[in-house]
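The block underneath contains the structure these notes are about, expressed in structure tokens.
A short reminder: the numbers here are calculations on the coordinates, not readings from a lab. Remember, it's a predicted structure, so these values are computed and weren't measured experimentally. As a convention, Cβ positions derive from the backbone with ideal geometry for all residues, glycine included, and neighbour counts pool all protein chains shown.
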Amino acid sequence: MIKPQIHLSNVLNCQCKEYKCSDQCGCQSDYRKMLTMYKKYPSLKDILDDLDSIDKVIKWAAENELSDHPLVRKRINQCTIKDIKDISIKDIVNEFSDPDILTEWGIDNLLLHHRFVLDRLVVLLTCYRCHTKFDSSIGLKEHICLTQTQQCGSLTCSWCGLKCCSHTELTEHEEFHVLMDNLCTNSHNELVTTNQTTGDNQSPNNKHVICMQETNQMSKEITLEDNIKPNIVQYGAGSGNDVLPYTFQQTGQKTFAKNLAQETTYRIKFKIGWKDHKIKNLIKEINDMFEKVIERVKGKEGGDLGRIIINHPEFNHAILVPLDKWSNINANRVMEAIERFLTDETIEYYDYTSLYPYVNKYCKYPVGHPTIITSGFRDISSYFGLAKVKVLPPKQLFHPVLPFLSNGKIKFPLCRTCADKENQESCKCPDRDRIITGTWCTPELNLALSNGYSIIKIYEVYHFEETTMYDESSGKGGLFAEYVNLFLRLKQQASGFPSKCETDKQKMEYIAQYAEKEGIDLCYDEIRKNPGLRSLAKICLNSFWGKFGQRLNMKQSSFLYESEIEKFFQYLTDPRKDVRDFHIISDEIIQLEYFEDSHFIPMDFKTNVFLATFTTCWARLKLYDLLALTGENALYVDTDSIIFVDKGHVIKNTLPIGNFPGELTNEIAAEDGHITHFVSSGPKSYAYKTLSGKEVCKVRGFSLESVTNSRLINFSSMKDIVVNKTKNAITLVNPRKISRLGRKRKLYNRVEEKEYKMVYTKRRLLLDDLRTLPFGYCD
């Protein structure tokens, strides 16, 4: 190709900005042809003309960082005149069926006092009994309280959520705030923990019995006078096998300010001595009791049930069953919780403490240069390093060992063909199609052989004669032991003393224990909470090893002046460089972006792929230890954590639980008990409920901190997508997404739409019972 005679100043003076006009503006067509490799590109105007709506134009412009382009703005104006119609506020607010959501929408859009919004609130907040309508003159919160008063004959404070039982009727002459101040001084029943007893049950053996103490008029016993069968509910009387020793109590409970509904706690109290087998024998009777009580409480209007708390001497924790008016509540829901406790089945969530620092400190690493072996291979167990091999996986292994890159994703299959095709059926491939070829660390290959894998052929081995490993007894050895100890010491000191260390003696014991376990001497005077220093030390511990595996062919930029036009063309014609783009910065400077050709990637002394590979290898093997313990009880695994089903704490009792690196910690707080319900729609996407009623939902790529997003994506909606199949996807719209226009170094707002749906391509998904099997598993 002959380089055209052209100057950078001529290019910058091009008026059409397309570099294909005549010489009138100083632009030559040969220049454009050279940059585009003689390909014909459509103009920006042609592309915009094909976008027939304002939404498509805005979305396309945002994706291509052209929101400020004059042609884009012109096209938006054309679409606005053509397509946009007047949308009535009245039509929008009439879509709302919940006054809470409408109120928040009105506040967010500064329309809370708009006439259409108030008219809709009149409809939504009209009392179903007395038909009293909303009066905007007294304010929204005051009206809510009045509505509750006229509807149920009692008063609910919308600020503190207090449910008072004075049945005071408000008149138009009473001062609202004065009355609220008086009523909000009433005391309430607080939750009684399992180690508290009151009343007649002061025996030490009664520590598991819930005994409610009436501190206000709200507490109420449901006894024989409430038309419940005597042989189902008995109030604390009698002793012997012919009497069921439990009571049912209803208690007023505090609630949040924005929760307009009454929240009530219903407690089942069992006396000491009623053993576990009694519950199993009387499941039908208890079920009948719950059915009658729930129907009686719900009434015709279906009020808020609050929650039911059940306690028994055989239970490790109290059973908490949250109930609400939007669910189809029946006794089966309560019985599910009871039966879960009878079988002693729990869902546990454990996470390795500082897994990568532990691996860097304690695991075996290669040292020096490897010996490259291409023939005369010995048994693979005699090597330490990397090996490229062809393996045949077993046909029935629930947790495969060796990772495999398929369709751009890391999978753990038993068949190469099934993994590539993502076959959801039982594998029927011949062995030649099941064979997997790859490069793995020898410790992983040794574990694979012990789990039924067979090595068909060895292509090449990188064997390290010299290795190093940390010696716990002497505190010496290991590649990164000193590095890890340095920053682990900073992290622990910046974390402060554990909460259980209150006295000086306990603090000194903690320091001595850490020195004995990790060989790190903590300084007493420097142990104080410092979140900034702790975060810095944690980053240094977890992230530094990744630099050893960082890819070398990163995108590079060169800034060239007008006087360096010859160098500019050298970049374009250099076969060792892959020029991707250029940006005109100013009249004198142009930015060139390029990659090095894959055959000419420079070496970097800061990288060592062997160290990075062995780090991830040892971490996977640590996680596989947990998979071997849990087996098919594993529900979810991810990098350094596992969620599994346990019965009778059989698995939990065998885990290395502790707070030191390489030990497991429970991710569920003690006050939350354990997980009772779990659902996952794919990697980095799961939600669960705990025994205390707490809900947690985490989805990669979605911020669930805002109220709007958390209402759309939560445990219930994820369950609807995965289990109930009532939804296919959920769309989240952020009208003011702050984005970066990289080429112009600017920030701008754009409309962002994200779609959340179930995406699972790691294993076979059995839709009947939502179990998974590895690709290539033979049923």
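For an R0 of 35 angstrom, estimate the FRET efficiency from the Cβ-Cβ distance between Glu63 and Phe569 and round to the nearest 0.05. Spell out each step's value before the answer.
Numbers: r = 31 Å, r/R0 = 0.90.
E between Glu63 and Phe569, to the nearest 0.05, is 0.65.
Which residues' amide hydrogens lie under 5 Å from the amide hydrogen of Asp638, considering only partners 5 or more residues apart or on another chain, with H built in the peptide plane?
Under 5 Å from the amide H of Asp638: no residue qualifies.
May I ask you to sort Lys762, Lys757, Lys689, Lys507 by Cβ crowding, counting other Cβ atoms within 10 Å and putting the fewest first?
Details: Lys762 19, Lys757 13, Lys689 22, Lys507 16.
Exposure proxy ranking, most exposed first: Lys757, Lys507, Lys762, Lys689.
For Gly438, which sequence-distant residues (separation of 5 or more, or a different chain) have an amide H within less than 5 Å of its own amide H, given hydrogens modelled in the peptide plane?
Here the answer is Val389, Val391, since their amide H atoms fall under 5 Å of that of Gly438.
Work out how much length Phe398 to Lys684 would gain on full extension: take 0.36 nm times their residue separation and subtract the Cα-Cα distance, in nm to one decimal.
Working: separation 286, 0.36 × 286 = 102.96 nm, distance 2.08 nm.
So the chain would gain 100.9 nm between Phe398 and Lys684.
In whole Hz, what ³J(HN,Hα) sequence does region 565-574 give by Karplus (6.51, -1.76, 1.60; θ = phi - 60°), x for Gly and Pro?
Whole-Hz 3J(HN,Hα) from phi for region 565-574: 4, 5, 5, 4, 6, 5, 4, 5, 9, 6.
Kindly provide the GluC sites (Glu not before Pro) of region 405-448 that DSSP labels as loop, not H, G, I, E or B, and whose Cβ sees at most 15 other Cβ atoms within 10 Å. Let's see the in-between values first.
Values: sites: Glu422, Glu425, Glu444; in loops: Glu422, Glu425.
Passing both the DSSP loop test and the Cβ count: Glu425.
Between Ile456 and Thr439, what is the label-point separation in nm under the 7 Å Cα-to-beta-carbon projection?
It is 2.0 nm.
Considering Cα pairs under 8 angstrom that are at least six residues apart, work out the relative contact order of region 556-600 and quote it in whole percent. Present the calculation step by step, with values, prior to reporting the outcome.
Details: 62 pairs, mean separation 20.6, N = 45.
Relative contact order comes out at 46 percent.
What full-extension length gain, to one decimal in nm, is calculated for Lys74 and Gln424 as 0.36 nm per residue of separation minus the Cα-Cα distance? It would help to have the intermediate numbers written out before the result.
On the way: separation 350, 0.36 × 350 = 126.00 nm, distance 4.96 nm.
That works out to 121.0 nm of additional length.
Could you work out how far apart the two model spin labels at Asn724 and Lys746 are, taking each label as a point 7 Å from the Cα in the direction of the beta carbon, and quote it in nm?
If labels sit at Asn724 and Lys746, their model points lie 4.6 nm apart.
Does anything in region 755-779 have its amide N under 12 Å from the 7 Å Cα→Cβ label point of Arg700, and if so which residues?
Counting only backbone N, you get 759-762.
Work out from phi, with θ = phi - 60° and the Karplus expression 6.51 cos²θ - 1.76 cosθ + 1.60, the ³J(HN,Hα) of each residue of region 634-649, listed in order in whole Hz, and give x for Gly and Pro.
Couplings: 5, 9, 7, 10, 7, 6, 9, 9, 8, 10, 9, 8, 10, 10, x, 6 Hz.
Run through region 532-638 and list the chymotrypsin sites (Phe, Trp or Tyr not before Pro) located in a DSSP loop whose Cβ has at most 12 other Cβ atoms within 10 Å. Let's see the in-between values first.
Numbers: sites: Phe544, Trp545, Phe548, Phe559, Tyr561, Phe568, Phe569, Tyr571, Phe582, Tyr594, Phe595, Phe600, Phe605, Phe610, Phe614, Trp618, Tyr624, Tyr636; in loops: Phe605.
Here the chymotrypsin sites (Phe, Trp or Tyr not before Pro) that fit, given the DSSP loop and packing criteria, are Phe605.
Take Leu402, Leu766 and order them by how many other Cβ atoms sit within 10 Å, fewest up front. Intermediate values should be presented prior to the final figure.
Values: Leu402 20, Leu766 12.
Listed from fewest to most nearby Cβ atoms, that is Leu766, Leu402.
I need the GluC sites (Glu not before Pro) found in region 684-764, filtered to DSSP loop residues with at most 13 other beta carbons within 10 Å of theirs.
Values: sites: Glu695, Glu705, Glu752, Glu753, Glu755; in loops: Glu705.
For GluC sites (Glu not before Pro) across region 684-764 that sit outside H, G, I, E and B with at most 13 neighbouring Cβ atoms in 10 Å, the list reads Glu705.
Per residue of region 395-404, in order, report the coupling 6.51 cos²θ - 1.76 cosθ + 1.60 (Karplus, θ = phi - 60°) as ³J(HN,Hα) in whole Hz, putting x for Gly and Pro.
Per-residue couplings from phi come out as 8, 9, 9, 5, 10, x, 9, 8, x, 8 Hz.
Say R0 is 60 Å: what FRET efficiency, to the nearest 0.05, do Ile101 and Arg576 get from their beta-carbon distance?
Working: r = 60 Å, r/R0 = 1.00.
The computed FRET efficiency comes out at 0.50.
Rank these for me by crowding, His599, His677, going from fewest to most other beta carbons within 10 Å. Present the calculation step by step, with values, prior to reporting the outcome.
Working: His599 7, His677 14.
Fewest-to-most Cβ neighbours within 10 Å comes out as His599, His677.
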